[in-house]
Amino acid sequence: EFSPIFFCGDFNSTPDSGVMKLLLNRFVDSGDEDTWKHLCTYEWEEGAAGDVKHVSSIDLEYPPSFPQLISAYEKAPEFTHFIECFAATLDYILTSSNFEVLRSASTLSFDDMQQHVAMPNEFMASDHLSLVADLSFDL
């Protein structure tokens, strides 16, 4: 049996990012172009000849000893970060599957935010929404 894991916060990663694919699906394929699209920007010179080396994509997979993580939100919120020029889901509550998600708090929608230019504002103290979930864990 796996030890319980409760992993939450601002991951600075959208739901379709390689980070979230790895965390929730346990695997990221080397052929996943969206995940690896910026690798071409990483290069360095190596050796006396100054050969230029490039990073190449790889398959990433968690070992079997690492538990499956689940999101406390069945469907990702429309956004958890909202500023004038950028809105995206960047924050998460993840748990190992030995937790049961009883319920998750609702979040604001884009329609709710129409009256506000951005967060923070006079009603919201942060540029990120708070995520809240009730979880159950049997000992």
Task: Accessible surface of the range 32-113, 1.4 Å probe, proportion on carbon and sulfur as whole % - done: 52
- [ ] At a Cα cut-off below 20 Å, give the lysines reachable from Lys37, other chains included and same-chain residues fewer than 8 away excluded.
- [x] Lys21, Lys53
TODO: Considering only Phe110, Phe123, Phe11, give the residue with the highest GNM mean-square fluctuation for the chain, with springs between Cα atoms whenever their separation is below 10 Å.
DONE: Phe123
- [ ] Excluding Val52 itself, calculate the net charge of residues whose Cβ lies under 13 Å from the Cβ of Val52, where each Lys or Arg counts +1 and each Asp or Glu counts -1.
- [x] -3
Task: Highest-fluctuation residue, Asp111, Asp59, Asp32 considered, GNM on the chain with Cα pairs under 10 Å - done: Asp111
Open item on the list: Net charge around Leu69, counting only other residues with Cβ within less than 12 Å of its Cβ (Lys, Arg = +1; Asp, Glu = -1)?
Closed with: +2
Open item on the list: Suppose all protein chains stay in the model; what accessible area per residue would a 1.4 Å probe give for the range 1-63, in Å²?
Closed with: 73
- [ ] Taking all pairs of distinct Cα atoms, average 1/r, flip it, and tell me the Kirkwood hydrodynamic radius of the chain in Å to one decimal place.
- [x] 17.6
Open item on the list: Please list 3J(HN,Hα) in residue order for the range 59-68, calculated via the Karplus relation 6.51 cos²θ - 1.76 cosθ + 1.60 where θ = phi - 60°; whole Hz, with x for glycine and proline.
Closed with: 6, 10, 8, 6, x, x, 6, 8, x, 5
Task: Vicinal HN-Hα couplings computed from phi for the range 98-112 (Karplus, 6.51 cos²θ - 1.76 cosθ + 1.60; Hz; Gly/Pro x) - done: 7, 9, 10, 7, 7, 6, 10, 5, 5, 10, 5, 10, 4, 4, 4
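The values are calculated or read from the model by the stated rules, or taken from the named source; none is laboratory data. Fair warning: this is a prediction, and the values are worked out from it, not measured in the lab. Ideal geometry is used to build each Cβ from the backbone, glycine not excepted, and the neighbour counts take in all protein chains shown. The protein model used for the area step is the full one, side chains on, heavy atoms only, and it has no ligands, DNA or RNA in it. Shrake-Rupley method; radii C 1.70, N 1.55, O 1.52, S 1.80 Å.
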